[in-house]
1. In the range 395-409, how many are open to solvent by less than 10 Å² (accessible area, probe 1.4 Å) and not polar (S, T, N, Q)?
2. Sort out which residues of the range 355-369 are open to solvent by less than 60 Å² (accessible area, probe 1.4 Å), out of contact with any Gly (no Cβ under 6 Å at 6 or more places or on another chain) and within 13 Å of the ligand (Cβ to nearest atom), and write them in order of number.
3. Could you tell me whether the range 155-165 includes any residue that is at pLDDT below 95 and open to solvent by 10 Å² or more (accessible area, probe 1.4 Å)?
4. Do any helices (runs of 4 or more DSSP H) entirely within the range 279-377 hold 3 or more residues that are more than 23 Å from Ser233 (Cα to Cα), and if so, which?
5. Report whether or not Lys114 is open to solvent by 70 Å² or more (accessible area, probe 1.4 Å) and either within 30 Å of Arg463 (Cβ to Cβ) or in the same structural domain as Leu24 (by TED's automatic domain parsing) (or both).
6. Tell me the residue from Lys250, Lys225 that is in a loop (DSSP other than H, G, I, E, B) and either within 22 Å of Asp351 (Cα to Cα) or more than 16 Å from the ligand (Cβ to nearest atom) (or both), please.
7. If a residue must be open to solvent by 10 Å² or more (accessible area, probe 1.4 Å) and either near the ligand (Cβ under 10 Å from one of its atoms) or touching a Phe, Trp or Tyr at 6+ places or on another chain (Cβ under 9 Å) (or both), how many such residues does the range 184-203 contain?
8. Does the range 414-436 hold any residues that are over 22 Å from Ala107 (Cα atoms) and either in a helix (DSSP H, G or I) or open to solvent by 10 Å² or more (accessible area, probe 1.4 Å) (or both), and which are they?
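The values are calculated or read from the model by the stated rules, or taken from the named source; none is laboratory data. The structure displayed is predicted, hence computed values, not measured ones. Methodologically, a virtual Cβ is constructed for each residue, glycine included, from the backbone with ideal geometry; neighbour enumeration extends over all protein chains shown. Heads up: the accessible areas ignore ligands, DNA and RNA and are worked out on the full protein's heavy atoms, side chains in. Shrake-Rupley method; radii C 1.70, N 1.55, O 1.52, S 1.80 Å.
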Amino acid sequence: MPRVSTLTINLEKIARYVNLGLPLVVAFFFLAGRYYSFYFHFFTVAFFLLTVMNFFYRHVQKRHALLANFGLVAQGRYLLESIGPELRQYLFTNDTEERPFTRIERAEIYRKAKNVDASSAFGSLLDFDGSDFKLRHSLYPMANREMIPYQLIFGEERGLKSAWTMTKPILISAMSFGALGSHAVRALARGACKAGVLMNTGEGGFPKYHIMENCDLVFQMGTAKFGCRNDDSSLNDVKLQEIAALEQVKMIEIKFSQGAKPGKGGLLPKEKITKEISELRGVPMGRDVISPPYHVECFDPESTVRFIRRVQDVSGLPVGMKLCLGREDEFYQLLQTMKRLDIFPDYITVDGAEGGTGAAPKAFMDDIGMPIFKSLPLVHKLLIEAGVRDRLKLMAAGKLINTGRQFMVLSMGAQACYTARGFMLALGCIQALTCNKNTCPVGITTHNKHLQKGLDIEDKSERVKNYVMNLCHEHIEVLTSLGKKSYQELDEKNLLFPEKA
Ligand SMILES: Cc1cc2nc3c(=O)[nH]c(=O)nc-3n(C[C@H](O)[C@H](O)[C@H](O)COP(=O)(O)O)c2cc1C
């Protein structure tokens, strides 16, 4: 029988006592101050102010019914409500309850990033009720020495001179300077450089801080095309050419949509627009920056495919597209058009609806878009059915923060894994859920100098490197347990599907 929770606190009674008690306490301290010690008058003043506030809430303000009915007592409720998330996070929720990442998931990343023992004892804390994907191991694990090193060459299908070879299956997913503060960007970029992985710039315009750290980059072009735009958000070829010519930029990614807000353009709240960001993006200060939900050049399959070709021609680099899958029929038509025109992006990144964001409307985060374990197999299948799977590379994103989930997508057709929040956790993110407020307590998603002070770039770059290295080490262990010599051998036979999938 479910327990019915009833409110046992009689607020009305408490409020009555407070209404009556406050003037009495004021009178008491007044007399004590007058006849015993002057210092009691401090209490007289404090309680007098509370009495005035109580009166104001109950008889003057009209906006809050709870305050009008219960006065100061209702403020106590508001206070508790406001610190509820912290109380739950620190005291009351168990290790597998929190969202988007449980304490267990976060702790695993922290341990990898700090390079401390990542083993656990006694047994898994997860449920084994058949509701999750699991991996199937082999009866005949492989020996480490037989492993074939990972390698993925972007642009080889088009015979590009600028083809880029990736030697690790993990990339830092798009997060702009703007969504992140400069310390976070620099720590990630320095860490990426040490670990030998690519970092996606996000849609924040010219990659000033990334270049400072000299790491290999995927330059992302969002719908507003910050860094290479004309005033109407169309592409400025010359500016794109200049960015593509930077030594650090290895690939270009055209962002069509993002899992956390598919069909909605980028959003940077005004609180986070500093003078520097307004200059780098070419946007005014004091107003939210809302990018258009589409590229002005792309209004049907053909214009979209031709735009991809234009970016390939202008940049001379491998060019990918990032999207969150919505309607399969639209994706099918896009593929048919690519086939007809014989134009393909060099890669597609499929972002799951469970992906993160710096800021987005809640309806988009919660209710729009397909989760990665649904969309990725569909995209992979449609590519195979169209006979074009070998014309491009496929990458995935969407809570791929640990080896387990990464191997799920690698078995579903992805050839590399992007993660954004995995790297934020490696930087020390405590999941305060304030990325849109400029108040990030660990200095990651803020431009406040005082808050950024705690984020030591060198120290955190080591954590980024450790996170990658420990993931890669674990990858090899898992590959061997699945009985595989290389990532190319992974397929959906490695997966145990959830019973209700
Ligand atoms: C703070 C933050 C900023 C982001 N900024 C961008 C962006 O500029 N462009 C983009 O395509 N995706 C952006 N994303 C989405 C990520 O690149 C990624 O697709 C998504 O979060 C899924 O990865 P994750 O679940 O590992 O975080 C952002 C995510 C976060 C958390």
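1. 8
2. Passing the criteria: Gly356, Thr357, Gly358, Ala359, Ala360, Phe364.
3. no
4. Of the helices (runs of 4 or more DSSP H) lying wholly inside the range 279-377, those with at least 3 residues that are more than 23 Å from Ser233 (Cα to Cα) span 328-341, 362-367.
5. Details: open to solvent by 70 Å² or more (accessible area, probe 1.4 Å): yes; either within 30 Å of Arg463 (Cβ to Cβ) or in the same structural domain as Leu24 (by TED's automatic domain parsing) (or both): yes.
Yes, satisfied.
6. Details: Lys250 fails: in a loop (DSSP other than H, G, I, E, B).
Sole residue among the options that is in a loop (DSSP other than H, G, I, E, B) and either within 22 Å of Asp351 (Cα to Cα) or more than 16 Å from the ligand (Cβ to nearest atom) (or both): Lys225.
7. Matching residues across the range 184-203 total 2.
8. Gln415, Asn436
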